[in-house]
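Chemist: The following block contains the structure, expressed as structure tokens.
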Amino acid sequence: MVQQTGRDIAPAKGKLGVMLVGLGAVSTTFIAGVENVRCGSGLPIGSLTQMGTIRLGKRTEKRAPKIREFVPLARLTDLVFAAWDPIPDDAYTAAKKAGVLEPQHLEPVAAFLNGIRPIPAAFDRNYVKRLNGANVKAGKTKRELAEQLRADIRTFKKTSGADRLVMIWAASTEVFLTPGPAHQSLAAFEQAMERNDPAIAPSMLYAYAALMENVPFANGAPNLTVDIPVLERLAEERKLPIGGKDFKTGQTMMKTVLAPAFKARMLGLAGWYSTNILGNRDGEVLDDPESFKTKEESKLGVLEYILQPDQYPELYGNVFHKVRINYYPPRGDNKEGWDNIDIFGWLGYPMQIKVDFLCRDSILAAPIVLDLALFFDLAQRARLSGIQEWLSFYFKSPQTAPGLYPEHDLFIQQTKLKNTLRWLMGEDQITHLGIEYYEKA
């Protein structure tokens with residue numbers, strides 16, 4: 001029950017519809033995983049909302065409930081799914097092609113997955129050049145496509161019986177774009193859609209449609225999407241949560257763990273070379289230089305924000321940071337992230353760290369999709385509108401209020417997330433000071 005000093009949060013009644021842009025490896029792994037958990041044939045490992053606890057009060061109180069028991073989240077049994085994709089495969093076929101899940105996690109839920117067929121996508125090869133598909137919408141203008149997406153949202157809500165919806169971009173990385181005149185005001189944005197302005201990417205159409213239909217929107221790719229002035233303002237005006245961008249899964253997650261450790265111990269960094277090999281659809285898309293540029297910007301910004309070279313020029317003022325992504329089909333979804341890190345310590349003596357993370361991209365991303373769906377729904381019911389910086393924990397390039405630099409340190413992000421939950425429920429913030437145990441009044 002919400003305390004007097006907490007936030008007034010509407011109850012999580014009825015079904016929560018999760019609308020996914022993209023029905024590839026990430027989305028199918030997420031949907032199949034949720035259904036496996038609901039059937040009792042798997043655990044939601046990696047999901048903070050399902051597996052995590054939250055400490056309340058002093059350590060001596062020994063209060064640490066599960067997060068899902070502490071805040072009023074939607075239950076997994078209440079989730080219903082829909083997705084758009086330019087490839088017409090149903091979720092079972094798409095999951096088989098993705099090759100992420102073994103038969104024991106696919107065949108028992110095959111009938112359920114067969115029932116999820118992708119809605120025709122608002123897709124344009126000018127923005128994702130290595131993909132093609134026949135399951136696409138037709139429209140003379142981008143405005144028409146946006147209106148069709150709005151109709152899809154209304155139709156799904158009605159046919160699924162969902163009480164509330166959230167939308168998550170889990171599709172491919174679009175080509176690199178920068179904010180321009182078309183992104184400044186609603187009038188300019190809608191006029192740009194009418195004249196098919198190339199500044200309006202398909203992902204922006206989905207974000208616009210979501211906000212116009214009162215649906216929270218989270219961006220799981222590094223595209224310029226909801227992080228433009230017009231959509232940030234629209235979210236504020238319509239009191240809707242937005243956030244992004246780019247799911248923080250493998251190599252970047254490791255950077256946001258290791259770089260804070262170097263800074264905490266005042267160890268210097270000379271260079272950080274990162275390379276990735278992956279063979280899934282994401283890898284194929286990123287083989288295009290324009291899409292890679294979008295991803296590269298997302299990955300490169302992390303170290304600078306964490307290490308603050310302007311404050312520590314002797315340690316981090318001359319870091320050589322290189323990122324490579326290589327499409328290698330034999331590896332499939334089992335991505336390998338290899339890092340060579342050149343650090344230096346006392347009197348400048350050099351040392352090296354090598355990290356070889358043989359990860360599974362979609363296995364790491366699926367619990368992020370789940371947590372974002374549940375937390376964005378919570379945010380809307382708690383009337384938290386606009387950018388949800390407290391969910392930076394899940395993103396490579398977290399959105400922030402204008403003028404703020406993003407926090408990339410994973411542990412600061414986790415503290416921010418949990419303190420937001422405590423604040424919502426009227427619990428004291430935890431500072432970890434603990435001086436009262438050692439200094440008696």
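Chemist: Which aspartates and glutamates have a Cα lying under 13 Å from the Cα of Lys142, excluding residues fewer than 8 positions away in the same chain?
Modeler: Counting by Cα, and skipping residues close in sequence, Lys142 has these aspartates and glutamates nearby: Asp124, Glu190, Glu194, Asp197.
Chemist: Using heavy-atom solvent-accessible surface (probe 1.4 Å) with all chains present, what is the largest-first order of Lys142, Lys13?
Modeler: Lys13, Lys142
Chemist: Net charge around Glu147, counting only other residues with Cβ within less than 13 Å of its Cβ (Lys, Arg = +1; Asp, Glu = -1)?
Modeler: Computed value for this residue: +1.
Chemist: Compute the separation of the alpha-carbon centres of the stretch 222-246 and the stretch 137-194 and state it in Å as a whole number.
Modeler: First find each Cα centre; the distance between them is then 12 Å.
Chemist: Something else now. If you take the square roots of the eigenvalues of the alpha-carbon gyration tensor of the stretch 297-415 and sort them as a ≥ b ≥ c, do you get rounded (a/c under 1.5), prolate (a/b over b/c) or oblate?
Modeler: Note, shape of the stretch 297-415 comes out oblate.
Chemist: Ala83: net charge of surrounding residues, Cβ under 11 Å, Lys/Arg +1, Asp/Glu -1, itself excluded?
Modeler: -3
Chemist: Please compare each pair in Lys13/Lys418; Lys293/Lys322; Lys335/Lys396; Lys248/Lys293; Lys248/Lys335 to a cut-off of 19 Å on the Cα-Cα distance and tell me which ones are over it.
Modeler: Lys13/Lys418
Chemist: Still on this model: Give me Rg/Rg_expected for the stretch 87-200, where Rg uses Cα atoms only and Rg_expected = 2.2 N^0.38 Å with N residues.
Modeler: 1.29
Chemist: Tell me, what does the Kirkwood hydrodynamic radius of the stretch 186-271 come to in angstroms if you use every pair of distinct C-alpha atoms?
Modeler: In the stretch 186-271 this quantity evaluates to 15.1 Å.
Chemist: Report the percentage of all Cα-Cα pairs in the stretch 1-82 whose separation exceeds 16 Å, rounded to a whole percent.
Modeler: Counting every Cα pair in the stretch 1-82, those more than 16 Å apart make up 64 percent.
Chemist: A further question follows. In the chain, what percent of the accessible surface is made up of carbon and sulfur (1.4 Å probe, ligands and nucleic acids excluded)?
Modeler: Ligands and nucleic acids excluded, carbon and sulfur give 54 percent.
Chemist: I want to verify a result. In a Gaussian network model of the chain, Cα cutoff 10 Å, which of these has the top mean-square fluctuation: Leu307, Leu347, Leu240?
Modeler: Leu347
Chemist: How big, on average over all directions, is the shadow cast by the Cα convex hull of the stretch 333-373, in nm²?
Modeler: So the Cα hull casts an average projection of 4.2 nm².
Chemist: May I have the extent of the alpha carbons of the stretch 349-413 along their three principal axes, as whole Å values ordered from largest to smallest?
Modeler: Dimensions of the stretch 349-413 along the principal axes of its Cα atoms: 51, 32, 16 Å.
Chemist: Which of rounded, prolate or oblate describes the stretch 215-335 when judged by the alpha-carbon gyration tensor and an a/c cut-off of 1.5?
Modeler: oblate
Chemist: Between Arg130 and Trp346, how many nm apart are label points set 7 Å from Cα along the C-beta direction?
Modeler: Each label point is offset 7 Å from its Cα along the Cβ direction, giving 4.7 nm.
Chemist: Taking a spot 7 Å from the Cα of Asp310 along the direction of its beta carbon, which residues of the stretch 256-288 have an amide N less than 11 Å from it?
Modeler: none
Chemist: What relative contact order, as a whole-number percentage, does the stretch 180-253 give when Cα pairs under 8 Å and 6 or more residues apart are counted?
Modeler: It comes to 31 percent, rounded to a whole number.
Chemist: With +1 on each Lys and Arg Cβ and -1 on each Asp and Glu Cβ, and nothing else charged, work out how big the dipole of the stretch 1-135 is about its Cα centre, in Debye to the nearest 20.
Modeler: Here the size comes out at about 640 debye.
Chemist: Same structure, new question: For the stretch 362-383 and the stretch 76-112, what is the centre-to-centre distance using only Cα atoms, to the nearest Å?
Modeler: Each part reduced to its Cα centre gives a spacing of 19 Å.
Chemist: Turning to a different aspect of this structure: For the chain, go through all pairs of different Cα atoms, get the mean of 1/r, take its inverse, and jot down that Kirkwood value in Å.
Modeler: Hydrodynamic radius (Kirkwood, Cα only) of the chain equals 22.7 Å.
Chemist: Which value, to two decimals, describes the C-alpha radius of gyration of the stretch 86-151 once divided by 2.2 N^0.38 Å?
Modeler: 1.36
Chemist: How large is ³J(HN,Hα), in whole Hz, for each residue of the stretch 328-335 in order, when computed from phi with the Karplus curve 6.51 cos²θ - 1.76 cosθ + 1.60 and θ = phi - 60°, using x for Gly and Pro?
Modeler: Going residue by residue, I get 9, x, x, 7, x, 7, 7, 6 Hz, with x marking Gly and Pro.
Chemist: Something else about it: Is the shape of the stretch 1-145 rounded, prolate or oblate, going by the alpha carbon gyration tensor and its root eigenvalues a ≥ b ≥ c, with a/c under 1.5 for rounded and a/b larger than b/c for prolate?
Modeler: Cα axes put the stretch 1-145 in the prolate bin.
Chemist: Check every DSSP H run in the chain and write down those whose alpha carbon atoms cover 18 angstrom or more along the long axis and whose mean Kyte-Doolittle hydropathy is 0.0 or greater.
Modeler: Those that pass (Cα extent of 18 Å or more, hydropathy at least 0.0) are 25-38, 251-264, 361-381.
Chemist: Starting from the alpha-carbon convex hull of the stretch 169-235, give the projected area averaged over all orientations, in nm².
Modeler: Orientation-averaged projected area of the Cα hull: 4.1 nm².
Chemist: Compute the length gained on full extension between Asp163 and Glu190: take 0.36 nm times their separation in residues and subtract their Cα-Cα distance, giving the result in nm to one decimal.
Modeler: 6.9 nm
The values are calculated or read from the model by the stated rules, or taken from the named source; none is laboratory data. These numbers come from a predicted model, not from an experiment. When we count neighbours, we look across all protein chains shown, and the Cβ atoms used for this are built from the backbone with ideal geometry, even at glycine. The area values use the complete protein model at the heavy-atom level, side chains included, leaving out ligands, DNA and RNA. Shrake-Rupley method; radii C 1.70, N 1.55, O 1.52, S 1.80 Å.
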